[in-house]
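The values are calculated or read from the model by the stated rules, or taken from the named source; none is laboratory data. These figures come from a predicted structure and were not determined experimentally. Positions of Cβ are generated from backbone atoms using ideal geometry, with glycine treated the same way; all protein chains shown enter the neighbour counts.
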Amino acid sequence: MNTNPRPSDLPALLGGVPLRPQGPPAWPSADPEILQVLEQAYREGWWGKYQAGKCEQLEAWLRTYHAIEHILLCGSGNYAVELGLLALKIDQGDEVILADYDYPGNFLSIHAVGATPVLVDVNPRDWNLSLDAVREAIGPKTKAILASHLHGGRVAMRALVELAREKGLVVLEDAAQAVGALVDGRRAGTWGDVGVLSFGGSKLLSAGRGGALMTPHADVAQRARNHLLRAGNIVCPLSELQAALLLPQCLGLDKRNALRWANVRSLIDALAEVPGVRLFVAANDAERPAFYKVGMQFDVAAFELSRELALKAMRAEGFAVDEGFIAAHVARAPKRFRQGSSLVESERAGRGCAMLHHPILVESMEDVRALALAWRRVHAHRLSIRA
Ligand SMILES: Cc1ncc(COP(=O)(O)O)c(C=O)c1O
């Protein structure tokens, strides 16, 4: 996936001068607190130590922030998903329901523990997991539901957890894209029997790599710890330096998420007149989403340009807008999954999703207006772009 647009991609078609000639803002951003941590780690010599108290501090912060009992840090969000499945005792022959339109690594993590993915559809409104489709897909071998909050959208977790309880299933909630978001009044990642966070290099809390598993259950935490430890050593750890780099970011998370949301709201207004581009979220949403990506439903017929060309033109204007995921049933061999419901919306999502990378959302309102202007400009030039 290309998140580094080259403004030189389509210069002739759009008049030669991109709206944002400098391209998208760099990520991670050059925060002075990060430099301070790096200097301190070097001066005090703990950057290369097994233990320096930073992981403990991060765990404590995450525990309080999420109001959840157990936090385990690890090397990636992907690994946290796999660890979560293991800790939930998902095994050979079990089925795990997930959205057909989801982060592709989740499908593979289910296979990694020997289970079978059951693919279900997404909601037409925000292309996140559909509860009706989940209900339809539950079968005798189903053990778990994996629910990811994607591109600023959120899965209705209260109802999902109720459904899971009724059917005797466990829930893994993937909040890798939604750290700090509120979902039905609680932090994303705290509704599931396991919740997952990611601290990957492009994420809202960034340590280059890293992840966390959260759970309210002592037995699940203990099983996860058993998988994570080999003779007292962590198999796939988060380092002390990574934890230290995350701490100042944690303190600024709510403020930044609020700024992102304010900017997304103004983007929604500014895009109202652009045909064929609709955001996953609505401006009157009372809860606070978090935006690792801003999901957009792109309608080729209404915009009168292919998604590929429209996004290429947006990147040429200097904005990091890319295609979303491919629907799993399109990308994977049928013998590797069971189809649990119609996958019509998910297929539409795979073909029609556009996602904006988050760094621009902490820039000024002017930058966000320029982004909306770019969409209008690309639409206005659609005939010459198509020619
Ligand atoms: C929804 C979701 N889950 C899991 C992951 C994996 O996280 P990591 O990159 O830390 O392995 C990602 C990464 O983008 C993601 O978007």
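Restricting to the range 189-205, give me the number of residues that are near the ligand (Cβ under 10 Å from one of its atoms) and either of a type in the set (S, T, N, Q) or surrounded by fewer than 20 Cβ atoms within 10 Å (Cβ to Cβ) (or both). Give the steps one after another, and end with the answer.
First, the residues of the range 189-205 that are near the ligand (Cβ under 10 Å from one of its atoms): 196-203.
If we keep only those that are either of a type in the set (S, T, N, Q) or surrounded by fewer than 20 Cβ atoms within 10 Å (Cβ to Cβ) (or both) too, we end up with 198, 200-202.
Here the count works out to 4.
Only one of Val235, Val264, Val274 is more than 18 Å from Leu197 (Cβ to Cβ), in contact with a helix residue (DSSP H, G or I) (Cβ under 7 Å, 6 or more places away or on another chain) and assigned by TED's automatic domain parsing to the domain that holds Ser148; which? If you could, list the steps in order and put the result at the bottom.
Working: Val264 fails: assigned by TED's automatic domain parsing to the domain that holds Ser148; Val274 fails: assigned by TED's automatic domain parsing to the domain that holds Ser148.
Only one candidate passes the filter, namely Val235.
Give me the pairs: first residue in the range 105-121 and surrounded by fewer than 19 Cβ atoms within 10 Å (Cβ to Cβ), second residue at pLDDT 95 or above and part of a loop (DSSP other than H, G, I, E, B), beta-carbon distance under 6 Å, and six or more apart or on different chains, which are they?
What qualifies is Gly114/Gln92.
Tally the residues that are in contact with an Asp or Glu (Cβ under 7 Å, 6 or more places away or on another chain) and either of a type outside the set (A, V, I, L, M) or without any contact (Cβ under 8 Å) to a residue 60 or more places away in the chain (or both), restricting the search to the range 79-102.
Matching residues across the range 79-102 total 1.
Across the range 71-115, what is the total count of residues that are part of a loop (DSSP other than H, G, I, E, B) and either touching a Cys at 6+ places or on another chain (Cβ under 9 Å) or within 12 Å of the ligand (Cβ to nearest atom) (or both)?
The number of residues fulfilling the criteria is 4.
Looking only at the range 144-188, count every residue that is within 15 Å of the ligand (Cβ to nearest atom), touching a helix residue (DSSP H, G or I) at 6+ places or on another chain (Cβ under 7 Å) and of a type in the set (D, E, K, R) and tell me the total.
Selection size over the range 144-188: 2.
Matching residues to (1) under 18 Å from Pro117 (Cα atoms); (2) touching a Ser or Thr at 6+ places or on another chain (Cβ under 8 Å):
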site	(1), (2)
Ala144	yes, no
Gly152	no, no
Ala156	no, no
Leu169	yes, yes
Ala181	no, no
Ala188	no, no
Leu205	no, no
Asp219	no, no
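Report whether or not Ala331 is more than 16 Å from the ligand (Cβ to nearest atom) and loosely packed, with under 15 Cβ neighbours inside 10 Å.
no
Would you tally the residues in the range 206-222 being free of Cβ contacts under 8 Å to residues at least 40 places away in the same chain and either away from the ligand (no atom under 11 Å from the Cβ) or surrounded by 19 or more Cβ atoms within 10 Å (Cβ to Cβ) (or both)?
3
Examine the range 129-138 for a residue that is within 13 Å of the ligand (Cβ to nearest atom), of a type outside the set (Gly, Ala, Ser) and surrounded by fewer than 24 Cβ atoms within 10 Å (Cβ to Cβ), and state whether such a residue exists.
no
Return yes when Ala387 is buried (at least 16 other Cβ atoms within 10 Å of the Cβ) and either of a type in the set (A, V, I, L, M, F, W, C) or farther than 29 Å from Asp94 by Cβ (or both) and no when it is not.
The answer is no for Ala387.
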